[in-house]
Amino acid sequence: AVKFITEKYRIGKAFVPSLCEPSSLPLYSESVNALKGVTDIIVYDISTNIIGNDYFIAFLSPESEESTNAFYDALNNSFSVSDLDYVSPIIYLEYKGIRFVFASESSSSAQNEVYDRYLAGLYDLSLNDSGRSVDLYNVDFLKVSNHGSASHYSYSFAGVLKPRNVIFSLAGDNSFGYPSTSVLSDLAELNPEVRFLRTDVLGSVTVNVTEG
């Protein structure tokens, strides 16, 4: 996927996890190799914020300590798929007043920790005097974790988000039965007006944000 993106687009900055060095995981190594030629490669954690004139991005997960622990686990060959999910980033994007949360492949425990940090006001501390703040209440768009798997879904986290639109990236008739019916029903209960945008039904999902 990274190779496809770098071949199709000109990339100025790339944000990568401190999960492991390229030799630890073949797929990660392929991704790192695909990023050769990118001007800036930045290792992200929850202190990483990108602020523009009409947008800003905040990394809500993982903490640098979480990434470091997974880094050493990888070097000792003791990490698992769940470790990779745990350090998968949860990203907040606000663009022209529209708010997005991308849960990537994050675990439910990572989402619970984001919930705790958010209620404690920790994310706004890292924004200092920028005039920006992370607002997770009633977000406009949520891209769910792991194709809508119940094992990668936090009810506490979703209870804050109460998303108006939910994006599911998945293949039709997948053998895992995604998205989970419990996830669908819970999201519908949290926001009865929610719209489900599924790639198995709609194909690629594109969101256009316009002024006014």
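The values are calculated or read from the model by the stated rules, or taken from the named source; none is laboratory data. Since the structure is predicted, the reported quantities are computational estimates derived from the model, not experimental observations. We place every Cβ from the backbone using ideal geometry, glycine too, and count neighbours over all the protein chains shown. For the accessible areas, the whole protein counts, side chains as well, though only heavy atoms, and no ligand, DNA or RNA atoms are used. Shrake-Rupley method; radii C 1.70, N 1.55, O 1.52, S 1.80 Å.
Structure notes:
- When you work out D = kT/(6 pi eta Rh) for the range 77-206 at 4 °C and 1.567 mPa s, using the Kirkwood radius from C-alpha pairs as Rh and the Stokes-Einstein form, the result is 85 µm²/s.
- Rounded to whole Å, sorted largest first: equivalent-ellipsoid semi-axes of the range 108-169, Cα gyration tensor: 23, 14, 9
- Peptides 93-105, 40-52, ordered by how many other C-beta atoms sit within 10 Å of their residues on average, highest first, read 93-105, 40-52.
- Violating pairs (Cα-Cα greater than 27 angstrom) within the set Lys3/Lys143; Lys96/Lys143; Lys96/Lys162: none
- Amide hydrogen neighbours beyond the local backbone of Leu60, cut-off 5 Å, H modeled: Ile90, Ile91, Tyr92
- Residue-normalised accessible area of the range 83-162, given per residue in Å² at a 1.4 Å probe: 40 Å²
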